[in-house]
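Report on the structure given below.
The values are calculated or read from the model by the stated rules, or taken from the named source; none is laboratory data. The model shown is predicted, which means the values in this text are computed figures rather than measured ones. Cβ atoms come from the backbone with ideal geometry, glycine included; neighbour counts cover every protein chain shown. Please note that ligands, DNA and RNA were not included when accessible areas were found on the heavy atoms of the full protein model with its side chains. Shrake-Rupley method; radii C 1.70, N 1.55, O 1.52, S 1.80 Å.
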Amino acid sequence: MAIEFKLLLLLLNLKAMEMLGNLRSLKPSRLLSFTVSGVIAAVIAFLVYRFDLFVFSYLMGVPELGRLVIARFFEIAFLVFFLVLMISTALTALSMLYREDELSLLLTLPVSSATIFTVKYFEVILFSSWALVALAVPFILSYAVYFKINFSAYFTIFAGLMLPLVLISGSVGVVGALLIRLLLGGKSRRWLFKWSAIVLLIIVLTATALKLSGTRVSEKGLAYLISLLEDSQTDQNSLLPHKLISRGFLSILEDRWDQLQRVVLTLLGMAALVVLLTLDLGKVLYYRSWLKGSDRAPTKGRSSALLKISFWTLKRWISPVYRALFRKDILEFRRYPLQWGQSFLLLGFWAMYVVNFVNIPHYFNIDGYFWKMIFYYGNFCFACFFTAALAGRFVFPIISLEGQAFWLLKTAPLAMESFLWSKFWQAFLPLIFLSSSMVIIGNLVLGVDTGLQQVSLLSIIIITISLTSVSLGLGAIFADFSQRNPMKIANTPGGILCIFISLTFVVLLTTVFAWPAYLHYKFTTFQGIFPLNEWITAIIIYIALGVVATLLPLKLGLKALNSDLKV
Amino acid sequence: MIKLENLTKDFIRLRALDGLDLHVKKGEIFGFLGPNGAGKTTTIRLITGLLQPTFGRVIIGGIDMAERPRHAKHQIGYVPDHPFLYDRLSGREFIEFQAQLFLLKPDNFKPKLDELTDTLSMDEWLDERIESYSRGMRQKIVMVSALIHDPQLIVLDEPLVGLDPKAAKNVKDILLRRSESGTTIFFSTHTLSLAQEFCHNMAIINHGRLIAQGTYSELIEKQDPDLETAFLRLTEEPSEAEIQDGD
């Protein structure tokens, strides 16, 4: 036991040295770009912090409802945090726990697989959570500052509330990854693809077929909404982590230190239990699950008939170089199950949103113009934020995913413009399908008039083009060809900066978008002269911002690609 | 075929190449030798367009790499020292991809592909994914991809590492045949016997500077029994005492 513990410390030390070594070996040029990104990220984090302060101050000014909304908001925010972290950890664990080159060395050393698992467990948790925790910091700080909580409570928030949440959701993700590898490790891609599609279809159909209940909000008014929010607060004994953590935050606000103590102890106890159980489970399953995925025979590289037909059809439309790049990327994607997992999750989120939106007329009286406009604008904003998150997660890594084989493209007679544009179209087409379908379906469900439909469609096209460019350009500037895991690439400082810039851009454009939408609402409700000049000005600003956000990142990205190869 | 003029490459706190001038003729087999860290791979990366020079020019077949990189790259086939490839493609898909980047039509490259894979005994592996390939097999597939578009210049960084003796012999035969038909072969190696046996001309660099150039007989002096001795003599670091004497 003592020897195993020493070996554990040795391996942990090795990992720490590896991370420090990576930091030390940063070239000055790269260090400078990281510093600049750090400064920009800090500025944006500060703006988010100020925005959160404004939201808290606004909500606290709304009598009766404000405090309840904050409480509900906490629960939802931490539920989302929990779920995103769990999924992100599971996906990170699927690649990091089973990294072939590293494991084939470690497993030949006189170290037990349980010790290796323990080291890798902490590595996975660290890599999958730090970026998300960093994103939560401005929110937590604004909360702490607005409600003037004393300094010692900061420690309680991070060590007593956030840390257990990270450990619990991360452990669930790691266990999920172990089970997935154990149960599905030996299965073929075709099998995985077929069953993932079937499961997704069942989830969507079940959600669509669920019998709707409840009353329309507009029929019962504000009193109903307040009682609804109050009802959701009554579950004071729930042990679900997101409910516990939001109760912890509210305890600080209400100066209920005895309750906070109970919450912190419960969360820490739960976290310790879950971590120990995960490590025990890893002891039994880790080696077995690794073997399960490693004993497959080498697979043939066959193109499907569908792919052949598609490329035969595309032959006349696109140049051979684009065709070659598309074909290569599609084949690589098809044979990389980790990326499908992410795509299925993404499609699942999209489907759930659409299903929920289709049900809106059941809960709200959208015949009235007020609710219609609220949902019209809300749907547009959500589509923009969803696209920004997708671009940061999926588009940012695609240049880095060329990997160390990028030398091949650099030595080929291929203009980097062509390469960048091929990546642009590959990223833009799925993104525009998802974002515009959200807007179109939303508009059809709400039955908004044709003018507003066209404005929102044009706007989402512009914003999707810009977001694709921002992520692609920054992905080229911060390309890391040595990293093969898209999740880890998205979690690098460049990836976080990309998310921050994209979200800021979305806030800017949705604010500009709100202007013509409001003018339209005012004109329809109060009549008078249609403010055409203001409309045109808003649209010109919108397009100008879109053009700058499209061209600038692509130009900088192209410059980075044309410079020395960083492999 | 290759003209390097005052080629200099600076990295942060390091001058990897310092005013290198080199001229390699068409159809020549040219060996590029030097100790570890001498600047061989940097030179090769500059020739193939992977790096851009701090000063100086790289001219391939009369075309300046900085001014018309795509035209210059059309003439080159490159085999790197570490063959990183697209692991999830099969060997055949990889070659097809490479051929399409060089704008070759299937009718043109398929017979050549069959011929090359047959010579290198890798037909059975061609439809397996690259991730299952050994080091030698990867080296072979890169070799095929570098030759598929009939380049005027073949640049190889340690070309025979990882190849079995039969494959190494076949590669040497292919390169000799190409050279006879006018293709220039430029390669770096630490295997001096290979350079001695194979090269028409060679150059030795150290600390980013050219220290010797010529044919085998021009490089060795009377007291050198072979290229290895000549190489050690030319690249020997002066001792501190010698430096002080010089001062």
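Roughly how much of A:Met17 is accessible, in Å² to the nearest 10, using a 1.4 Å probe?
Approximately 110 Å² for this residue.
As a quick test, which of the pairs A:Lys423/A:Lys559; A:Lys120/A:Lys283; A:Lys243/A:Lys283; B:Lys40/B:Lys140 have an alpha carbon distance above 20 angstrom in this structure? Show your work: numbers first, answer last.
Details: A:Lys423/A:Lys559 16 Å; A:Lys120/A:Lys283 12 Å; A:Lys243/A:Lys283 31 Å; B:Lys40/B:Lys140 22 Å.
Result: A:Lys243/A:Lys283; B:Lys40/B:Lys140 exceed 20 Å.
With every protein chain kept in the model, how would you rank A:Trp425, A:Trp191 by accessible area, 1.4 Å probe, largest at the top?
Numbers: A:Trp425 110, A:Trp191 85 Å².
Heavy-atom accessible area, descending, gives A:Trp425, A:Trp191.
A:Leu551 versus A:Ala114, label points 7 Å from Cα toward the beta carbon: distance in nm?
Computed distance between label sites A:Leu551 and A:Ala114 equals 6.4 nm.
Are there any trypsin sites (Lys or Arg not before Pro) in the range B:161-228 that are in a DSSP loop and have at most 14 other Cβ atoms within 10 Å? List them by number.
Numbers: sites: B:Lys166, B:Lys169, B:Lys172, B:Arg177, B:Arg178, B:Arg209, B:Lys222; in loops: B:Lys222.
Here the trypsin sites (Lys or Arg not before Pro) that fit, given the DSSP loop and packing criteria, are B:Lys222.
How much net charge surrounds A:Leu503 when only the other residues with a Cβ under 15 Å from the Cβ of A:Leu503 are counted, with Lys and Arg +1 and Asp and Glu -1? All intermediate terms of the calculation are to be shown ahead of the outcome.
Numbers: positive: A:Arg50, A:Arg393; negative: A:Asp52.
Spelling it out: positives minus negatives among the neighbours equals +1.
Using only the heavy atoms of the protein chains and a 1.4 Å probe, how would A:His362, B:His190 rank by accessible area, largest first?
Correct descending sequence by accessible area is B:His190, A:His362.
Placing +1 on the Cβ of each Lys and Arg and -1 on the Cβ of each Asp and Glu in the range A:320-567, which of A:Leu561, A:Thr411, A:Ile543 has its Cα farthest towards the positive end of the resulting dipole?
A:Thr411
Test of understanding: in a Gaussian network model of chain B with alpha carbons linked when under 10 Å, which of B:Ala212, B:Ala195, B:Ala146 would top the mean-square fluctuation ranking?
B:Ala212
Over the range A:64-145, with every protein chain in place, what whole percent of the accessible area is carbon and sulfur at 1.4 Å, could you tell me?
On the way: 2350 of 3080 Å².
For the range A:64-145, the apolar C and S fraction of the accessible surface comes to 76 percent.
Using Cα centres only, tell me the gap between the range B:136-188 and the range A:46-110 in whole Å.
Taking the Cα centre of each part, the range B:136-188 and the range A:46-110 sit 52 Å apart.
Compute, for B:Lys110, the solvent-accessible surface of its heavy atoms (probe 1.4 Å) with the complete set of protein chains present, and express it in square angstrom to the nearest 10.
Around 90 Å² of this residue is reachable by solvent.
Distance check, please: which entries in B:Lys9/B:Lys166; A:Lys555/B:Lys73; A:Lys555/B:Lys26; B:Lys3/B:Lys166; A:Lys488/B:Lys3 exceed 31 angstrom between their Cα atoms?
Details: B:Lys9/B:Lys166 38 Å; A:Lys555/B:Lys73 23 Å; A:Lys555/B:Lys26 38 Å; B:Lys3/B:Lys166 34 Å; A:Lys488/B:Lys3 42 Å.
As for pairs spanning more than 31 Å Cα to Cα, those are B:Lys9/B:Lys166; A:Lys555/B:Lys26; B:Lys3/B:Lys166; A:Lys488/B:Lys3.
Run a plain Debye calculation on the range A:347-421 (Cα atoms as equal point scatterers, no solvent) and give log10 I(q)/I(0) at q = 0.23, 0.26 Å⁻¹, rounded to two decimals, same order as the q list.
Results for the range A:347-421 at q = 0.23, 0.26 Å⁻¹ read -1.07, -1.19.
Note down the accessible area of B:His74, probe 1.4 Å, to the nearest 10 Å².
Accessible area, nearest 10 Å²: 80 Å².
Sequence neighbours fewer than 8 away in the same chain don't count; with that in mind, list the aspartates and glutamates whose C-alpha is under 20 Å from B:Lys110.
Answer for B:Lys110, where 20 Å is the Cα cut-off: B:Glu93, B:Glu96, B:Asp118, B:Asp123, B:Glu124, B:Asp127, B:Glu128, B:Asp150, listed by chain and number.
Sorted by accessible area with a 1.4 angstrom probe, largest first, how do B:Val144, A:Val48 fall? List each step's numbers first, then the result.
Working: B:Val144 0, A:Val48 50 Å².
Most to least solvent-accessible, the answer reads A:Val48, B:Val144.
In debye, nearest 20: dipole of the protein assembly as shown around its Cα centre with unit charges on the Cβ of K, R (+) and D, E (-)? Each step should come with its number before you reach the end.
Working: 76 positive and 65 negative charges, 444 e Å.
Result for the protein assembly as shown is approximately 2140 debye, rounded to the nearest 20.
What does the range A:320-567 give for Rg and for Dmax, in Å, if only its C-alpha atoms count?
Rg, Dmax (Cα atoms, Å): 19.8, 64.
Could you work out the helix-only [θ] at 222 nm for the protein assembly as shown, with each DSSP H run of four or more residues adding -39,500 (n - 2.57) and the total divided by the number of residues, to the nearest 500 deg cm²/dmol? Walk me through the intermediate numbers first.
Values: 32 runs with 548 residues, N = 814.
Rounded to the nearest 500, it is -22500 deg cm²/dmol.
Taking +1 at the Cβ of each Lys and Arg and -1 at the Cβ of each Asp and Glu, which of B:Val144, B:Gly34, B:Ala203 sits farthest along the dipole of the protein assembly as shown towards its positive end, judged by Cα position relative to the Cα centre?
B:Val144
How about the range A:82-176: which trypsin sites (Lys or Arg not before Pro) there are in a DSSP loop, with at most 15 other Cβ atoms within 10 Å of their Cβ?
On the way: sites: A:Arg99, A:Lys120, A:Lys148; in loops: A:Arg99, A:Lys148.
Hits after loop and neighbour filter: A:Arg99, A:Lys148.
Using a cut-off of 9 Å between beta-carbons, work out the net charge of the residues near B:Tyr86 (Lys and Arg +1, Asp and Glu -1, B:Tyr86 not included).
Values: positive: A:Lys328, B:Arg88; negative: A:Glu332, A:Glu402, B:Asp87, B:Glu93.
Here the count lands on -2.
Of the options B:Ser132, B:Thr117, A:Thr266, report the single residue whose Cα projects farthest towards the positive end of the charge dipole of the protein assembly as shown (beta-carbon charges: Lys, Arg +1; Asp, Glu -1).
Checked the options; the winner is A:Thr266.
Test of the criteria: in the range B:16-123, which GluC sites (Glu not before Pro) are in a DSSP loop and have at most 16 other Cβ atoms within 10 angstrom of their Cβ?
Values: sites: B:Glu28, B:Glu67, B:Glu93, B:Glu96, B:Glu115; in loops: B:Glu28, B:Glu67.
Taking the range B:16-123 and a limit of 16 other Cβ atoms within 10 Å, the loop GluC sites (Glu not before Pro) found are B:Glu67.
Per residue, how large is the accessible surface of the protein assembly as shown? Use a 1.4 angstrom probe and give square angstrom. Please report the intermediate quantities before stating the final value.
Details: 39070 Å² over 814 residues.
Each residue of the protein assembly as shown exposes 48 Å² on average to a 1.4 Å probe.
State, in square angstrom and to the nearest 100, the accessible area buried between chains B and A, both chains counted, probe radius 1.4 Å.
3500
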